[in-house]
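*Asks:* Quick one: the structure is below, questions incoming.
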Amino acid sequence: MNTPEMSPGESGFSIERGPDARERILAAAESLFAVRGFEGVSTTQIAKVAGITQPLIHYHFKNKEALWKATISRLFSKLSQEFSAEVKMLNHKDDRRYLVEMMRCYVSFVARYPQYGQFIMREGVQESPRLQWMVEEWLKPMLDQFHDIYEKGISEGWMKDIPFPQLIILITASASQFFSMAPLVKELYGVDASCPEQVLAHSDAVVEVAVNSILREPIARQSEAAAV
């Protein structure tokens, strides 16, 4: 059995060099676009990291924007499928507990794919057709699950009436930035943001802060009341 080689790429970027050239291109594009943004990456750099010739990129993708969209679709579809699968397995009998576990699932999946938060930070700072496409195609559908439970919590009175735009940015940013800014975390505190202990600690922190901020009563008190 052949073990995939690691391409050293440029400036520390590396990917697995498997047999599929298109996948190598997408993996290289993901690592570069996430860190440097669309404008900061050339197809020459992507080809170098992927370990292929530049004409091969143009064989598979019409232009750099088509490659960027394919990269986003590959990453976000993977995240959407994994997150949706985890959420479907949650117990939905207690909506407040369901919200907490949904947030834990979200932290878990942004920990696995820090590029998700990096793409959002890169593209979210200025208006562009790329941002509009990413929002309509991927972000809004993914956030609908949060919006449904938010509206139910507001209508039933167990969630504070915090405007959804502010609420979702607070939760998603606090969940993802710890991982998407892992180099900064390591320099500041000497810890590996991706290790299981740090992922669990961050999940606990996000849930603790979010629950105390958005629920009218702590989960523990609700559970105690239900047991009486």
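*Asks:* Would you check if D161 is in a loop (DSSP other than H, G, I, E, B) and within 22 Å of Y113 (Cβ to Cβ)?
*Replies:* no
*Asks:* Within region 135-155, does at least one residue satisfy the condition of being in a loop (DSSP other than H, G, I, E, B), of a type outside the set (A, V, I, L, M, F, W, C) and open to solvent by 40 Å² or more (accessible area, probe 1.4 Å)? Don't jump to the end; show me each part of the working.
*Replies:* Within region 135-155, the first condition is being in a loop (DSSP other than H, G, I, E, B), and the residues that meet it are none.
The answer is no; no qualifying residue exists.
*Asks:* Which is of a type outside the set (S, T, N, Q), under 19 Å from I169 (Cα atoms) and in contact (Cβ under 8 Å) with a residue 40 or more places away in the chain, of E65, E101, E123?
*Replies:* On inspection, the qualifying residue turns out to be E123.
*Asks:* Is it fair to say E123 is surrounded by 18 or more Cβ atoms within 10 Å (Cβ to Cβ) and out of contact with any His (no Cβ under 8 Å at 6 or more places or on another chain)?
*Replies:* Yes, satisfied.
*Asks:* From the list L131, L90, L79, which residue is in contact with a helix residue (DSSP H, G or I) (Cβ under 7 Å, 6 or more places away or on another chain), of a type in the set (A, V, I, L, M), open to solvent by 30 Å² or more (accessible area, probe 1.4 Å) and under 30 Å from P218 (Cα atoms)?
*Replies:* Exactly one residue qualifies, and that residue is L90.
*Asks:* Still on this structure, please answer the following. Please indicate, with yes or no, whether at least one residue in region 17-28 is over 14 Å from Q115 (Cα atoms), at pLDDT below 90 and either in contact with a Gly (Cβ under 6 Å, 6 or more places away or on another chain) or among the hydrophobic types (A, V, I, L, M, F, W, C) (or both). Let's see the steps before the verdict.
*Replies:* Going through region 17-28, the residues over 14 Å from Q115 (Cα atoms) turn out to be 17-25.
Next, only the ones that are at pLDDT below 90 stay: 17-20.
Restricting the remaining residues to those that are either in contact with a Gly (Cβ under 6 Å, 6 or more places away or on another chain) or among the hydrophobic types (A, V, I, L, M, F, W, C) (or both) gives 17.
Yes, that holds for at least one residue.
*Asks:* How about region 18-78: which helices (runs of 4 or more DSSP H) wholly inside it have at least 1 residues that are under 20 Å from the mean Cα position of the chain (by Cα) and within 18 Å of I120 (Cα to Cα)?
*Replies:* 21-36
*Asks:* Also: Here is a check on your reading of the model: is F61 under 19 Å from P114 (Cα atoms), crowded, with 18+ Cβ neighbours inside 10 Å and among the hydrophobic types (A, V, I, L, M, F, W, C)?
*Replies:* Taking the combined requirement at face value, the residue does not satisfy it.
The values are calculated or read from the model by the stated rules, or taken from the named source; none is laboratory data. Please read all numbers here as calculations on a predicted model, not as lab measurements. All Cβ positions, even for glycine, are placed from backbone atoms using ideal geometry, and neighbour counts span all protein chains on display. For the accessible areas, the whole protein counts, side chains as well, though only heavy atoms, and no ligand, DNA or RNA atoms are used. Shrake-Rupley method; radii C 1.70, N 1.55, O 1.52, S 1.80 Å.
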